[in-house]
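Q: Pasting a structure below so you can have a look.
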Amino acid sequence: MQNSLQPAELDAAIDEVHRAGIPGVFAEVRDGDQVWRGASGVADVSTGDPVTPDMRHRVGSVTKTFTAVAVLQQVERGQIRLDAPIGHYLPRLVPGARGDSITVRMLLNHTSGLAEYLPSAYPSFKTFPSLAGVSPASLDDNRFRTFRPTELIDMGVAAPAVGTPGSTPGVYSNTNYLLLGELLEQVTGTTAEQYITRNIIERAGLRHTEFPAEPDIEGPHARMYEALYGLIDPPRDYSTYDMSWVGLGAALVSTVADLNRFYGMLLAGGIVDRSSLAQMQCTVPVRALDGTRANYGLGLHKVSIPGRGTCWGHDGTVWGASTMSLTSADGQRQMSVAMNLVRWNTLDSSGKPQHHPIDDALTTLYRRAMRAGGNGNSGCR
């Protein structure tokens with residue numbers, strides 16, 4: 001049987017990402033029953049210990065898909081209505097006319113108009129204030145700080161609105177997903193982390209996925225190096241970090257194998273029903289924190305890959321760690337890629353990230369990982 005994954009090409013592509021400047025990169029690619037796992041580079045630049053494909057990793061905003069799935073499960077049970085105002089559920093957190101005009105759906109697809117609470121968007125706020133002064137000091141100051149979700153939500157709600165509720169393009173905001181975490185807690189009677197663990201992670205058989213209870217990651221993992229666009233040179237390890245600063249928006253730890261399993265089950269209708277999946281796949285244009293545009297559904301990105309067509313998934317970045325997970329619309333082809341260096345680009349005089357050879361190497365890896373095969377439709381109605 002011919003191997004449709006072409007492992008030699010994938011090996012070469014992942015090695016090129018490492019040679020371009022990423023200390024360690026690891027991935028799993030699937031095509032039906034065929035599986036390729038690869039890794040290149042080091043987990044620790046000091047010791048030279050190699051990175052391996054089974055390592056745990058902070059997957060950042062991939063967490064948002066898990067949170068969105070939890071909300072859709074509660075929609076199926078009649079506990080949440082997608083088009084109900086969030087003020088109906090959480091009047092103290094989003095009071096008055098604003099709470100009446102922002103719906104649960106708008107939180108899920110980032111069309112709420114609520115601002116990001118991180119200082120990269122609004123420097124006056126106090127999560128990482130030194131970033132506004134072109135200094136990474138706050139990253140170290142907050143390494144062991146525990147934020148309350150409502151503390152961060154209050155910052156985002158207090159900020160000037162970034163859009164009218166329901167208008168597009170939406171503006172990506174972690175504030176939305178922290179609110180969804182509070183909503184889940186209210187309707188389930190348990191924390192959102194506990195609900196997601198029991199009803200998604202455990203039911204899907206994801207043995208290496210968890211919300212970390214401590215700043216350290218349990219099990220084998222790489223050190224995670226933050227360059228902050230050249231402000232941290234050499235890049236500094238932030239693999240030990242209190243992830244309460246992103247919570248239900250980006251705190252999960254997982255593996256590339258678990259992510260492929262999760263997205264495969266989700267797109268096959270094994271975690272939410274088909275009508276819920278169709279809702280998740282209804283996309284709107286959304287502007288990301290870096291200014292780029294994305295087609296965003298309810299916790300899902302829609303991505304077009306040459307030679308493959310429509311793919312679904314999410315990417316994620318936290319301090320020192322980056323992840324990309326995509327599954328073709330027909331569920332046949334999957335990739336999950338993790339890296340232990342982020343924000344490697346330097347900035348020009350206008351603050352725009354400059355192109356880097358890593359960007360080209362990643363594009364090649366993603367295209368080789370997802371190429372060949374048919375197309376698929378979104379299922380959006």
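The values are calculated or read from the model by the stated rules, or taken from the named source; none is laboratory data. As the structure is a computational prediction, the values presented were derived from the model and not from experiment. Because the Cβ atoms are built from the backbone with ideal geometry, glycine has one as well, and the counts that use them run over all protein chains shown.
Q: Could you check segment 184-225 and list, in sequence order, the residues that are charged (D, E, K, R) and within 24 Å of MET265 (Cα to Cα)?
A: GLU193, ARG198, GLU202, ARG203, ARG207, GLU210
Q: Restricting attention to segment 1-25, report how many residues are within 13 Å of TYR366 (Cβ to Cβ) and of a type outside the set (Asp, Glu).
A: 5
Q: Could you please find all residues in segment 122-154 being at pLDDT below 90, at negative phi and of a type in the set (A, V, I, L, M, F, W, C)?
A: Residues satisfying the conditions are PHE125, PHE128, LEU131, ALA132, ALA137, LEU139.
Q: Exactly one of (1) surrounded by fewer than 22 Cβ atoms within 10 Å (Cβ to Cβ); (2) farther than 22 Å from VAL342 by Cβ; (3) out of contact with any His (no Cβ under 9 Å at 6 or more places or on another chain); (4) in contact (Cβ under 8 Å) with a residue 24 or more places away in the chain is unmet by VAL284. Its number?
A: The number of the failed condition is (3).
Q: Quickly run through segment 56-108 and pick out the residues that are more than 19 Å from VAL286 (Cβ to Cβ), of a type in the set (D, E, K, R) and not in a helix (DSSP H, G or I).
A: Selection gives ARG56, ARG58, ARG77, ARG81, ARG92.
So that you can scan it fast, the table gives a plain yes or no per residue for (1) of a type in the set (Ser, Thr, Tyr); (2) farther than 22 Å from LEU107 by Cβ:
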{"site": "THR188", "(1), (2)": "yes, no"}
{"site": "TYR195", "(1), (2)": "yes, no"}
{"site": "THR209", "(1), (2)": "yes, yes"}
{"site": "PRO234", "(1), (2)": "no, yes"}
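Q: Of all residues in segment 309-325, how many are more than 17 Å from ALA68 (Cα to Cα) and surrounded by fewer than 24 Cβ atoms within 10 Å (Cβ to Cβ)?
A: Here the count works out to 3.
Q: Also: Using the structure shown, decide if GLY170 is modelled with pLDDT of 95 or more and either over 17 Å from MET243 (Cβ atoms) or charged (D, E, K, R) (or both).
A: Considered against the rule, which asks whether it is modelled with pLDDT of 95 or more and either over 17 Å from MET243 (Cβ atoms) or charged (D, E, K, R) (or both), GLY170 comes out as yes.
Q: Can you confirm whether segment 249-266 contains a residue that is surrounded by 23 or more Cβ atoms within 10 Å (Cβ to Cβ), farther than 24 Å from GLN194 by Cβ, of a type in the set (Phe, Trp, Tyr) and touching a residue at least 40 places away in the same chain (Cβ under 8 Å)?
A: No, the conditions are met nowhere in segment 249-266.
Q: Right, another one. For segment 339-348, indicate whether the set of residues that are closer than 23 Å to ASN109 by Cβ and hydrophobic (A, V, I, L, M, F, W, C) is non-empty.
A: No, segment 339-348 contains no residue that is closer than 23 Å to ASN109 by Cβ and hydrophobic (A, V, I, L, M, F, W, C).
Q: Please give the number of the condition SER4 fails out of (1) over 28 Å from GLY269 (Cβ atoms); (2) among the polar types (S, T, N, Q); (3) touching an Asp or Glu at 6+ places or on another chain (Cβ under 9 Å).
A: Of (1) over 28 Å from GLY269 (Cβ atoms); (2) among the polar types (S, T, N, Q); (3) touching an Asp or Glu at 6+ places or on another chain (Cβ under 9 Å), only one is false for SER4: (1).
Q: Test each condition in (1) of a type outside the set (A, V, I, L, M); (2) crowded, with 16+ Cβ neighbours inside 10 Å; (3) over 23 Å from the mean Cα position of the chain (by Cα) for GLY60 and report the one that comes out false.
A: Unmet condition: (3).
Q: Another question, then. From (1) at pLDDT 95 or above; (2) on the phi < 0 side of the Ramachandran plot, pick out the condition that doesn't hold for GLY320.
A: Only one criterion is unmet by GLY320, namely (2).
Q: Output the residue which, of all residues in segment 138-185 that are assigned to a helix (DSSP H, G or I), polar (S, T, N, Q) and touching a Phe, Trp or Tyr at 6+ places or on another chain (Cβ under 8 Å), is farthest from ASP237 (Cα to Cα).
A: THR175
Q: Can you report the number of residues in segment 326-365 which are among the aliphatic types (A, V, I, L, M), outside any strand (DSSP E or B) and crowded, with 24+ Cβ neighbours inside 10 Å?
A: The number of residues fulfilling the criteria is 1.
Q: Being outside any helix (DSSP H, G or I) and in contact with a helix residue (DSSP H, G or I) (Cβ under 9 Å, 6 or more places away or on another chain) narrows it down to one of GLU28, GLU16, so name that one.
A: GLU28
Q: A follow-up question, please. Only one of GLY78, GLY96 is over 21 Å from SER275 (Cα atoms), more than 21 Å from the chain's Cα centre (by Cα) and either at pLDDT 95 or above or surrounded by fewer than 20 Cβ atoms within 10 Å (Cβ to Cβ) (or both); which?
A: GLY96
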